[in-house]
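K.L.:
Quick one: this structure, given as structure tokens, is what I'll be asking you about.
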Amino acid sequence: MKKINLAIFASGTGSNAKNIIAHFENNNAVQVVTVISNKEDAPIVGWCQQNLIPVQIFSNDEVNNGQILIDFCKNLTVDFVVLAGYLRKIPGDFIRYFDEKIINIHPSLLPKFGGKGMYGMNVHLAVKTACESQTGITIHFVNDNFDEGRYIAQFFCKLESSDSVEVIQEKIHTLEQNYFPIVIENVINSILL
Ligand code: GAR
């Protein structure tokens with residue numbers, strides 16, 4: 001049986017990308033066929049090169065061009081796309097080509113602390129500044145607006161008023177590591193059924 005081919009978009013450290021790659025490493029049904037990045041100096045790019053994971057770098061101009069991304073993914077017969085710390089907007093034609101097949105992770109309980117400019121530490125700082133008693137992660141499909149696509153799953157964690165931004169980041173990291181790959185796998189399985 002043909003495996004489901006996954007493309008992962010990542011712009012940064014890549015802890016989520018690495019975790020997803022490890023999760024599907026010996027999977028019978030799903031394989032990661034490429035990592036795509038818009039930043040050639042992103043740590044995830046070097047890690048992929050060292051670990052012989054196929055990685056493709058596109059310039060910011062290129063990732064603004066949906067047709068370039070579509071052609072590249074078509075060539076690899078990509079079935080599903082995961083945004084794992086990818087910080088650029090996804091072009092509309094690419095979203096339509098992969099309708100409800102692009103999954104993003106956002107490090108807050110959307111709709112809180114989402115939208116343009118809300119990524120990584122900016123989100124944790126906003127959560128801390130708002131004195132939230134809880135935060136979490138949202139895994140959702142991607143549509144034309146930042147962080148507004150249909151939700152797939154949310155996971156919560158409690159916050160103490162003494163939690164620093166770094167502690168909040170660590171709590172989110174733990175949720176991401178525990179849940180993101182398995183949610184991706186469940187979404188793919190539900191479509192295959
Ligand atoms: C993750 O916390 C992810 O949720 C967040 O960026 C971090 C990337 O870490 N994504 C966003 O903020 C998207 N708006 P990583 O590079 O170690 O996976």
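K.L.:
Taking the stated definitions as given, is VAL45 part of a strand (DSSP E or B), of a type outside the set (D, E, K, R) and closer than 21 Å to GLY12 by Cα?
P.N.:
On the way: part of a strand (DSSP E or B): no; of a type outside the set (D, E, K, R): yes; closer than 21 Å to GLY12 by Cα: yes.
Against the criterion (part of a strand (DSSP E or B), of a type outside the set (D, E, K, R) and closer than 21 Å to GLY12 by Cα), VAL45 does not qualify.
K.L.:
Name every residue in the range 36-53 that is of a type outside the set (S, T, N, Q) and open to solvent by 70 Å² or more (accessible area, probe 1.4 Å), in order of residue number.
P.N.:
Residues satisfying the conditions are LYS39, GLU40, ASP41, PRO43, LEU52.
K.L.:
Quick one: which strands (runs of 3 or more DSSP E) sit completely within the range 82-193 and have at least 3 residues that are open to solvent by 50 Å² or more (accessible area, probe 1.4 Å)?
P.N.:
151-158
Table: residues versus (1) out of contact with any helix residue (DSSP H, G or I) (no Cβ under 9 Å at 6 or more places or on another chain); (2) small (Gly, Ala, Ser).
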{"position": "ILE90", "(1), (2)": "no, no"}
{"position": "PHE94", "(1), (2)": "no, no"}
{"position": "HIS106", "(1), (2)": "no, no"}
{"position": "GLU148", "(1), (2)": "yes, no"}
{"position": "ALA153", "(1), (2)": "no, yes"}
{"position": "SER162", "(1), (2)": "yes, yes"}
{"position": "VAL165", "(1), (2)": "no, no"}
{"position": "GLU176", "(1), (2)": "no, no"}
{"position": "PHE180", "(1), (2)": "no, no"}
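K.L.:
Sticking with this structure for a sec: Among the listed residues ASP79, ASP61, which satisfies the condition of being more than 27 Å from ILE188 (Cα to Cα) and away from the ligand (no atom under 16 Å from the Cβ)?
P.N.:
Testing whether each residue is more than 27 Å from ILE188 (Cα to Cα) and away from the ligand (no atom under 16 Å from the Cβ) leaves just ASP61.
K.L.:
Okay, next question. Output the residues belonging to the range 1-40 that are assigned to a loop (DSSP other than H, G, I, E, B) and among the hydroxyl-bearing types (Ser, Thr, Tyr).
P.N.:
SER11, THR13
K.L.:
If you don't mind, another one. Which of the residues that make up the range 56-91 are in contact with a strand residue (DSSP E or B) (Cβ under 9 Å, 6 or more places away or on another chain) and either charged (D, E, K, R) or farther than 28 Å from GLY114 by Cα (or both)?
P.N.:
Listed by number, the residues that qualify are PHE72, LEU76, THR77, ASP79, ARG88.
K.L.:
May I pose another question? Which one is nearest to the ligand (Cβ to nearest atom), of the residues in the range 1-35 that are surrounded by 20 or more Cβ atoms within 10 Å (Cβ to Cβ) and without any contact (Cβ under 8 Å) to a residue 40 or more places away in the chain?
P.N.:
Looking at the filtered set, the residue picked out is LYS18.
K.L.:
Can you tell me which residues in the range 123-140 are without any contact (Cβ under 8 Å) to a residue 24 or more places away in the chain and under 14 Å from GLU160 (Cα atoms)?
P.N.:
Passing the criteria: THR129, ALA130.
The values are calculated or read from the model by the stated rules, or taken from the named source; none is laboratory data. Note that the coordinates shown come from a computational prediction; the quantities given were computed from them, not determined experimentally. Here Cβ is always computed from backbone atoms with ideal geometry, including for glycine, and neighbour counts include all displayed protein chains. Please note that ligands, DNA and RNA were not included when accessible areas were found on the heavy atoms of the full protein model with its side chains. Shrake-Rupley method; radii C 1.70, N 1.55, O 1.52, S 1.80 Å.
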